[in-house]
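What follows is a single structure, written as structure tokens, with notes after it.
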Amino acid sequence: MKKQQIYHALKVDHDICYGCTHCMNVCPTDAIRINDGKALILKKRCVDCGECLKVCPVDAIFVEQDDLKNIFDFECRVALVPSVFTGQFPTSITEEEIFSVMHELGFTHVFQAEFMVDVINDLMNEQSLTNEDKPLISTFCPSIIRLIQVKFPSLTDNIATVNPPVNASAAFYRKMLIKQGIAEEQIGIFYVTPCAAKIAAIKGFEKYHDSINGVINMQYLYNKLYVKIKNSTKEEKELPVLPHLSSKSIQWSLTRGEADNMNGKCLAVDEIHNVIEFLELLENDEIPVVDFLELRACDQGCAGGVLLHGNRFLTVERLNERARQLENDNEGVNWKEHKEIIKDKDLFISKLDSLPAMSLDQDFSEALKKMERIRNLMCYLPGIDCGACGSPNCSALAEDIVQRKANLSNCVFLQRTMEKSKKLSGEHAIRLIEKTWGKDRLDKDCRKKGAKNEGM
Ligand code: SF4
Ligand code: SF4
């Protein structure tokens, strides 16, 4: 499979977007600008966290994903299902029942994405003990990996080189099927994703997803399955026999799922703004020595993924309940039994590169000069952070000006003072506003949100 360097799963439908700025205001990496009345995502800065998708009032932001019918391009159609998917269903519905209904949708095989968790946990513990760059940062959440690459490049060396379980499991299943006599090109593995970041990672920028062919939106699949499960009778079914995973595997994608199983001093931080705050402290050497960091972009880990149907707290409780039922039941996957199938290259990734998108210039002395100019510009900007210029806040506008992507006159407050001192004509000021907010933005429109004929 040929991969692009950078891929983003989140897109804006400009026919629907009306430039309300909600997305721009919540983006943790200042990756959104408003231009011509529409939201524009700056690809270099976006980390596919999905915060913008959550707040858009008109669903103009969507995830690009594979169509379910793409699975039929393959004879052997594998669904790779993470435990948070089963956490969408009440615990009275077993994993076996859910998987059996997935077969009815056309999948020939349904496997658990956490199959390799116990193996990965051992390797991560080994690496955490020996790693010189403390703390070792988990590879689990692709949005966090991207965040570190673009916003905290000096911490990129702290990212582990152990493959996340989903990729190691996909590699394992692919090899197992090949061993059973199925030709490699006939095998299509589709990951059922709880978030946009995993779509972006699988389709684009990461180096470790070669075993996965496509991604299915979890919410879409849940809706399809729910109807089928509701209408099916338990007695009729021949249920698949699944490998018994350890309770640890079931809880792995939840907050503390990894950290609670690592040796040494381990911290777990979830929700992207919390993670950014923590990484800023870490970068400034304000955190005492920690051996391992579990960082997740979503609140409650994958249970808070933007493509989940259910409430994240309910999902956590259901998975904890499923894990409790397994606690005394089994030891998890015996790694040694599979040693001849899985090789080191399936378990490790090479060191990731930094992709600094926030640095002002590649040349250090130029970057310092630009920083000085930003500070200078901030003396003139009002510091209101209103977003009326089309940039998320005054400091982002100052940066856009220094990078020659905007002008001081984009600030609506400065426009007034420029008009007063005759440095800007009224007509020019209107043209500037139209450039940011679109030509008809200032026209009377009684159908817009909150107006007297809203929605007519
Ligand atoms: S939140 Fe507002 S500006 Fe952003 S995409 Fe949706 S409609 Fe457009
Ligand atoms: S996905 Fe996250 S980083 Fe990207 S534009 Fe949306 S809020 Fe910003």
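Rule-based calculations on the coordinates, nothing more; no lab input. Note that this is a predicted model, so its numbers are computed, not measured. Backbone-built Cβ (ideal geometry, glycine too); neighbour counts: all protein chains shown.
Using a Cα-Cα cut-off of under 16 Å, which aspartates and glutamates could be cross-linked to K439, ignoring same-chain neighbours fewer than 8 residues away?
The reachable aspartates and glutamates, counting only those whose Cα sits under 16 Å from K439, are D15, D36, E427.
Along the charge dipole of the chain, pointing to its positive end and built from +1/-1 on Cβ of Lys, Arg, Asp and Glu, which listed residue (P392, F107, A201) has its Cα farthest out?
P392
Could you give each residue of the stretch 394-403 its phi-based ³J(HN,Hα) in whole Hz, using Karplus coefficients 6.51, -1.76, 1.60 with θ = phi - 60°, and x for Gly or Pro?
Residue by residue, the stretch 394-403 yields 4, 5, 5, 5, 4, 5, 4, 5, 4, 8 Hz.
State to the nearest 20 debye the size of the charge dipole of the chain about its Cα centre, where the only charges are +1 on K and R beta carbons and -1 on D and E beta carbons.
2000
Kirkwood Rh over alpha-carbon pairs of the stretch 10-63, then Stokes-Einstein at 10 °C and 1.306 mPa s: what D in µm² s⁻¹, rounded to an integer?
Roughly 148 µm²/s, to the nearest whole number.
For a quick check: with amide H placed at 1.01 Å from N, whose amide H comes under 5 Å from I349's, ignoring anything fewer than 5 positions away on the same chain?
Close amide H contacts, sequence-distant or interchain: V162, N163.
For the stretch 319-444, take N as its residue count and report Rg(C-alpha) divided by 2.2 N^0.38 Å.
1.97
Once the chain is represented by equal point scatterers at the alpha-carbon sites, with solvent omitted, what log10 I(q)/I(0) does the Debye formula produce at q = 0.10, 0.11, 0.13 Å⁻¹?
Treating every Cα as an identical point scatterer, log10 I(q)/I(0) equals -0.79, -0.93, -1.19.
Give me the Å³ per residue figure for the convex hull around the C-alpha atoms of the stretch 84-138.
Values: hull volume 6.6 nm³, N = 55.
Spelled out: Cα convex hull of the stretch 84-138, divided by residues, is 120 Å³.
Can you give the FRET efficiency to the nearest 0.05 for K228 and M378, using r as the Cβ-Cβ distance and R₀ = 56 Å?
Efficiency computed from Cβ-Cβ geometry: 0.45.
For the peptides 187-195, 396-404, what is the packing order when you average, over each peptide's residues, the other Cβ atoms within 10 Å and list the highest mean first?
187-195, 396-404
Quick one: plug the Kirkwood hydrodynamic radius of the stretch 78-179 (C-alpha pairs) into Stokes-Einstein at 20 °C, 1.002 mPa s, and report D in µm²/s. Show your work: numbers first, answer last.
Values: Rh = 15.7 Å.
Using the Kirkwood radius from Cα pairs, D works out to 136 µm²/s.
May I ask which of K198/K369; K248/K339; K11/K224; K11/K448; K44/K179 have a Cα-Cα span longer than 32 Å here?
Cα-Cα > 32 Å for K198/K369; K44/K179; rest within.
Putting +1 on Lys and Arg Cβ atoms and -1 on Asp and Glu Cβ atoms, find which of F190, C379, M24 reaches farthest to the positive end of the dipole of the chain.
Towards the positive end, the residue furthest out is C379.
So for the chain, taking the charge dipole from beta-carbon charges (+1 Lys/Arg, -1 Asp/Glu), which of N261, L242, G310 sits furthest toward the positive end?
Going by the Cα projections, it comes out as G310.
Compute the long axis of helix 117-130 from its Cα atoms, compare it with the longest principal axis of the Cα atoms of the chain, and write down the angle in degrees, 0 to 90, nearest 10.
Relative to the chain, helix 117-130 is tipped by roughly 60 degrees.
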